[in-house]
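Asks: Here it is, the structure in full.
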Amino acid sequence: MVRIAVIHGPNLNLLGLREPEVYGALTLEQINERMLDLARKENLELRISQSNMEGTIIDSIQDALEWADAIVINPGAYTHTSVAIRDAITAVRLPTVEVHMSNVHRREPFRHHSYVSPVVVGQVVGFGVDSYLLGLIAAKRTVEEMRR
Ligand code: DQA
């Protein structure tokens, strides 16, 4: 069993409604269902949270220290602004996978820089809902490798 904290950042609660041409038509609830389906097959325990607030996201990262083996996080726009979220990831030392539904590197220049990417194991970008599913598999493999 691998325990993973899945953390969604700001505006991701509006998926489905928000720029479907960029992020697709699935709602956050449907994306979470897909992740829970995969979790059943892959023997993962997931705790999924979403917040529009930077401090709450930091709390979720810190709380993960109590129970999780890894973090999968889409920090949304905070990716490009938040030293505090980066510091939280560094502080807890849990292997973390950064995911983005869109290919941020094909978009506006301000989305090309991530404060988070230097402190994560890796990034999955540009695959829509599959970014999350691939991110879960990457987190699982990382934890299994660490346990060996
Ligand atoms: C995003 C990309 C960010 O630039 C943007 O601010 C988001 C979503 C993505 O999943 O593609 O909110 O993280």
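Asks: Step by step: find N for segment 46-122, compute 2.2 N^0.38 Å, then divide the Cα radius of gyration by it. What's the final number?
Replies: 1.04
Asks: Right, something else. Using a 1.4 Å probe on the protein heavy atoms, what percent of the accessible area of segment 16-98 belongs to carbon and sulfur?
Replies: Result for segment 16-98: 48 percent of the exposed heavy-atom area is carbon or sulfur.
Asks: Another question about this same structure. Normalise the Debye intensity by I(0) for the chain, one equal point scatterer per Cα, no solvent, then take log10 at q = 0.08, 0.09, 0.10, 0.13 Å⁻¹ and round to two decimals.
Replies: -0.19, -0.24, -0.29, -0.51
Asks: Please identify which residues in segment 127-141 have an amide N closer than 17 Å to a label point set 7 Å out from the Cα of R148, following the Cα→Cβ vector.
Replies: 137-141
Asks: Moving on to the next point. With helices defined as uninterrupted DSSP H runs, which ones in the chain have an alpha carbon span along their own long axis of at least 20 Å and mean Kyte-Doolittle hydropathy of at least -0.5?
Replies: Qualifying helices, which must be both long enough and hydrophobic enough, are 129-147.
Asks: I've got another one for you. Taking the Cα centre of the chain as the origin and placing charges on Cβ (Lys, Arg +1; Asp, Glu -1), which of L36, L12, N103 is farthest toward the positive end of the dipole?
Replies: The residue sitting farthest along the positive end of the dipole is N103.
Asks: I'd like the Kirkwood hydrodynamic radius of segment 1-43, using the inverse of the mean 1/r over distinct C-alpha pairs, in Å.
Replies: It works out to 11.5 Å.
Asks: Put a dot 7 Å past each Cα toward the Cβ at D59 and E33; how far apart are the dots in nm?
Replies: 2.9
Asks: Okay, next question. Mind putting a number on the dipole of the chain about its Cα centre? Charges go on the C-beta only, +1 for Lys and Arg and -1 for Asp and Glu, and I need it in Debye to the nearest 20.
Replies: With only Lys, Arg, Asp and Glu charged at Cβ, the dipole is about 340 debye.
Asks: For an R0 of 22 angstrom, estimate the FRET efficiency from the Cβ-Cβ distance between H80 and R40 and round to the nearest 0.05.
Replies: According to the calculation, E is roughly 0.05.
Asks: Please compute the per residue accessible area over the chain with all protein chains in place, 1.4 Å probe, rounded to a whole number of Å².
Replies: Per-residue value: 51 Å².
Asks: May I pose another question? Each label point is 7 Å from the Cα along the Cα-to-Cβ direction; what then is the distance between the points at E21 and S49, in nm?
Replies: 3.5
Asks: To the nearest 10 square angstrom, what accessible area does D37 show with a 1.4 Å probe?
Replies: Surface open to solvent at D37 totals about 70 Å².
Asks: Per DSSP helix of 4 or more residues, -39500 (n - 2.57); summed, then divided by the residues of the chain. What does that give at 222 nm, rounded to the nearest 500?
Replies: -12500 deg cm²/dmol
Asks: So, one more: Loop-only check: which GluC sites (Glu not before Pro) in segment 12-45 are DSSP coil with at most 15 other Cβ within 10 angstrom?
Replies: none
The values are calculated or read from the model by the stated rules, or taken from the named source; none is laboratory data. Please read these numbers as outputs of a predicted model, since none were measured by experiment. Counting neighbours? That spans all protein chains shown, and the Cβs are built from the backbone with ideal geometry, glycine included. When the accessible area is computed, the model is the full protein with side chains, heavy atoms only, and any ligands, DNA or RNA have been set aside. Shrake-Rupley method; radii C 1.70, N 1.55, O 1.52, S 1.80 Å.
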